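Note sheet for the following structure.
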Amino acid sequence: LTPLIVGFLLLLAVILVLGLRSATKLNDVASNARMKTQEYSARLNQLTELQLSVIKLESEARLRDISESNRQLTPPLQIRLDQARAEAIQGLSNFEKLRMPPPPPKFHGTAKEWVDHWNNFGGNLQSFIDVTKDAREYSLKGFQRFKDIQVDLNYFIVGAQEAYHEVDKNMVDVNREA
């Protein structure tokens, strides 16, 4: 009878240890999923805010050009344009804090080319912001630079969205391993 009780207690101890180990592993998986989801959603949020600020800057610069070309009276200080430029500069600053680009969506090139594309984007955006300071230069170069930035931003946003959706698949795989 004693060996039976000892065996039963050992079996209970093994079940308890395995249960605690599984609970810890599930907590790790849930925590990892939460952190990855927050990271990807923050990246996606920053990219969409940057896109919004660039669109706003382009719209304000275009309005300035339209009013100047129609010879309308324009205020001496372009407050709305300056605010839009400040928002774009803040967005650029937030963009530069992002260390790595999202995974490339349907990008025809190597991973190194994608990272170079990501790194060059900051300079292209700064160039667009600088172009909006001068109405004449904006009318010559502004639209093409804006178009290039929009194409890049759309690629980055699609990549961030795909990475965000991949978190779920990755967590299911990790959960299966646990």
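The values are calculated or read from the model by the stated rules, or taken from the named source; none is laboratory data. A quick note: this is a predicted structure, and the numbers were derived from the prediction, not measured. Methodologically, a virtual Cβ is constructed for each residue, glycine included, from the backbone with ideal geometry; neighbour enumeration extends over all protein chains shown. The accessibility values were calculated without ligands, DNA or RNA, using every heavy atom of the protein model including side chains. Shrake-Rupley method; radii C 1.70, N 1.55, O 1.52, S 1.80 Å.
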Sequence order, segment 55-62: Karplus ³J(HN,Hα) from phi using 6.51 cos²θ - 1.76 cosθ + 1.60, θ = phi - 60°, Hz rounded, Gly and Pro as x, gives 5, 5, 4, 5, 5, 5, 5, 5
Cα-only radius of gyration and Dmax that characterise segment 26-118, units Å | 19.2, 67
Could you state the orientation-averaged shadow area of the convex hull built on the Cα atoms of segment 40-92, in nm² to one decimal?
-> 3.5 nm²
Please build a GNM for the chain, connecting alpha carbons under 10 Å apart, and tell me which residue among GLU96, GLU49, GLU137 fluctuates the most.
-> GLU137
For the chain, which whole-number percentage of the solvent-accessible area (1.4 Å probe, protein heavy atoms only) is attributable to carbon and sulfur atoms?
-> 58 percent
For the chain, averaging the sequence separation of alpha carbon pairs under 8 Å that lie six or more residues apart and dividing by its residue count, the contact order in percent is 33 percent
Which of the pairs LYS56/LYS169; LYS36/LYS97; LYS56/LYS133 have their Cα atoms more than 26 Å apart in this structure?
-> LYS56/LYS169
GNM of the chain, Cα pairs under 10 angstrom: of HIS117, HIS165, HIS108, the biggest fluctuation goes to HIS108
GNM flexibility winner over the chain from ALA33, ALA13, ALA163 (Cα, springs under 10 Å) | ALA13
For the chain, accessible area per residue (1.4 Å probe, heavy atoms of protein chains only), Å² = 67 Å²
Could you give the size of the charge dipole of segment 16-153 about its Cα centre, using +1 on the Cβ of each K and R and -1 on the Cβ of each D and E, expressed in debye and rounded to the nearest 20?
-> 420 debye
